[in-house]
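Below: the structure, in structure tokens.
The values are calculated or read from the model by the stated rules, or taken from the named source; none is laboratory data. Every value quoted in this text rests on a predicted model; they were computed, and no experiment measured them. Glycine gets a Cβ as well: all are built from the backbone with ideal geometry, and neighbour counts include every protein chain shown.
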């Protein structure tokens, strides 16, 4: 039997202080296994398994399994991970809170103690996702947007305040302090923690896929859906397959003028091509040493975009310096450094020192200025090729992911009623936004310096472009102000409008009504340019179809140019006061200019005093939010924002649910490749004509008060109607249904009658007639945010299974968490090869209480006349025994609730 106390050792923190830790070097000696050749991320998880070993949920089998990790093993064993804390943002945090409140209501109803529903680990909720860009290009934009934010979201914030008093270990950082991942990086994470003087690494999960940003400081953490986070919060381990670990060997050094954004967009394309979905990625090599910590954070942040579970950087001196420069406690920092050195986990590995599943080499010398778009982060375009690429896409047919325009329309000018000229490629939204880039001081300084030079040349940005700046934290404002650069950003129209995700999450707000009217009526393909991480179809704005990711300085440069078809490498941005043509090279900041201003960013007092205000001075707007319910049980007042979720309506304390075979199912949607969680469950604007818009109007909500889908995630009536309602989603049932006509948006044909209707209405009709439904899809189904409502909404639409060519990690887990079967086509089978059009009906056989992970299940396809045409095997994408239990309990939440109330 394994005795963990035998490797509990002391390490020196400071001259007068020692701490204890579970020593991996001692474990290596004890078992004579070369643990030091394991990837660093695997060793950190190994320490967690050992520390939490209890012979119950975590047995010694897991220790030996991970200690003997082999690079090329078949990955069939799961691990239970106990996290040290959980990170939430409001879009997923509020639905999670409604579920916890509903669990307490159920407990009370069946005469169980509601206080059994209680977080067992610290939980931090950062409110940053709901603020919208209503006011911009004016000095008071931030204040005006904040006032509107609190007016719109009063009911949500009252509910959050109820949660603060109802649950222990539930901490809230109010609106206006920054973006969740930047706050986590700069403030919340201490690197290591200690209990009873035993020190251990910080290991977290968050309800946002970009939780991975914390990997840049050597912290293991990744995004999960709110469903899985709830289970972790209530004491359930986070179960995951022992992963492959891909080593990315960085060599060389970035050339002058190349930014961290260019690098991460290059990495995203490279790793998407290598298919690292569900794998750990660990960066190593001499090239890592040339990257500042914020550059590493930019790369780690976008792990979801390149598909990895984590994008991990080991701890080194650069990490330690970052902790000092961001105002952490000196003793904490000494403990952090001493711990990782004592564990022999300190320093960036060199080639040949670690055994990885595979190694990918990237020469930083080869990275060049780039954009990604127009609708996927992995679609890299070199700066000198943007004009050519956009022109090609403009004339490509829709079924080839083009915009289906005639080449003669390329330069056609349309004029609004008030004389504004619009043409294809025009940029209408330019936003310096998102946690990915606004946490990087060099990128922010670059943007400020470029703005300063542009202003001095007299360059301006067209008033038809909606410009905005949403820093990741107030610290960014401080150092830009102190360096004198904020003034020039404001002169170009990049006033600070919010501290939050804003445009990147889809909260870009409205564009001028006359402009929107003319681009809709004439199908003009206009553009947005943003320094974000996501540019999926219809995410940024429902009427702007081409969206490009770029570094903050390039965002400004393109805004000045005004159209994505301007080749910034050879064409002028504009004309100066003297009539001289000004090119990008004329205003691009030099490395020396950026370095001369770094002193303004490396001020630990800025960080210390900024974050001290979270408790000391959260702001009048937040302080004025009153608690409407002071009780451990929420009383569910009538609200279009917060309502009691229906997931526990038929809850029974005794487990008796076993899935059965499915007969006579119909296709609700047939979808293509790269369907994102934005396609499935939009976060942005609610349209009046949509099922959700109609429901809000019927419930007395004015159009101007709709707010966004994201902000209404606490109300299932809105969210179920928003599921599959994205304006740009392409349901192949409607394309193939009648005369091959192209129909976009949330529509389908209700197959028994062939009637066209909204997907929501069809789903309700199928449910009322007791007909099971299926979602069919291509590759990479569920790409994007860890959006639990993409699974919750699918569940409430009555969908029993999703059949795809492949799944993204988080969404697959979320489907199981809601009791929906994820199934994968085998071999060369696909929607196209099987000629599935939506007229068929389907049987699924082999589903019983004896199902096993990754089984092959019989699937039978019948034509409309009832004739069987095909029997195939599908791969059951329930990957672990624990996921089988979740599915058999009709989801993770009923499973956890039964465990808690039966204990």
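Looking only at residues that are without any contact (Cβ under 8 Å) to a residue 24 or more places away in the chain and outside any strand (DSSP E or B) in the range 411-435, which one is surrounded by the most Cβ atoms within 10 Å (Cβ to Cβ)?
The extreme case among them is 412.
Of all residues being at positive phi and modelled with pLDDT of 95 or more in the range 344-401, which is surrounded by the fewest Cβ atoms within 10 Å (Cβ to Cβ)? Just the residue, please.
Only one residue tops the list, namely 352.
Looking only at the range 615-639, how many residues end up being assigned to a helix (DSSP H, G or I) and crowded, with 17+ Cβ neighbours inside 10 Å?
2
Can you pull out the strands (runs of 3 or more DSSP E) entirely within the range 333-383 that have at least 1 residues that are within 21 Å of residue 220 (Cα to Cα)?
Details: elements: 358-363, 370-372, 380-382.
Ranges flagged: 358-363.
Could you figure out which of (1) on the phi < 0 side of the Ramachandran plot; (2) touching a residue at least 60 places away in the same chain (Cβ under 8 Å); (3) under 28 Å from the mean Cα position of the chain (by Cα); (4) in a loop (DSSP other than H, G, I, E, B) isn't true of residue 674?
Residue 674 satisfies all of (1) on the phi < 0 side of the Ramachandran plot; (2) touching a residue at least 60 places away in the same chain (Cβ under 8 Å); (3) under 28 Å from the mean Cα position of the chain (by Cα); (4) in a loop (DSSP other than H, G, I, E, B) except (1).
Only one of (1) part of a strand (DSSP E or B); (2) surrounded by fewer than 21 Cβ atoms within 10 Å (Cβ to Cβ); (3) in contact with a helix residue (DSSP H, G or I) (Cβ under 6 Å, 6 or more places away or on another chain) is not met by residue 687, so which one is it?
(1)
For (1) touching a residue at least 24 places away in the same chain (Cβ under 8 Å); (2) touching a strand residue (DSSP E or B) at 6+ places or on another chain (Cβ under 9 Å); (3) surrounded by 17 or more Cβ atoms within 10 Å (Cβ to Cβ), each residue gets a yes or a no:
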site: 774; (1), (2), (3): yes, yes, yes
site: 781; (1), (2), (3): yes, yes, yes
site: 816; (1), (2), (3): yes, yes, yes
site: 826; (1), (2), (3): yes, yes, no
site: 849; (1), (2), (3): yes, no, no
site: 859; (1), (2), (3): yes, yes, yes
site: 868; (1), (2), (3): no, yes, no
site: 876; (1), (2), (3): yes, yes, yes
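Where in the range 250-332 are there helices (runs of 4 or more DSSP H), lying wholly inside it, with at least 1 residues that are free of Cβ contacts under 8 Å to residues at least 12 places away in the same chain and more than 21 Å from residue 549 (Cα to Cα)?
Hits in the range 250-332: 317-325.
Looking at 697, 642, 675, can you tell me which residue is touching a strand residue (DSSP E or B) at 6+ places or on another chain (Cβ under 7 Å) and either surrounded by 19 or more Cβ atoms within 10 Å (Cβ to Cβ) or at pLDDT 95 or above (or both)?
675
Mind checking which residues of the range 264-287 are over 25 Å from residue 74 (Cβ atoms) and surrounded by 24 or more Cβ atoms within 10 Å (Cβ to Cβ)?
264, 265, 267, 268, 283
It is to be established whether one or more residues within the range 870-887 are in contact with a helix residue (DSSP H, G or I) (Cβ under 9 Å, 6 or more places away or on another chain), part of a loop (DSSP other than H, G, I, E, B) and closer than 22 Å to residue 666 by Cβ.
Yes, there is a match, as at least one residue in the range 870-887 is in contact with a helix residue (DSSP H, G or I) (Cβ under 9 Å, 6 or more places away or on another chain), part of a loop (DSSP other than H, G, I, E, B) and closer than 22 Å to residue 666 by Cβ.
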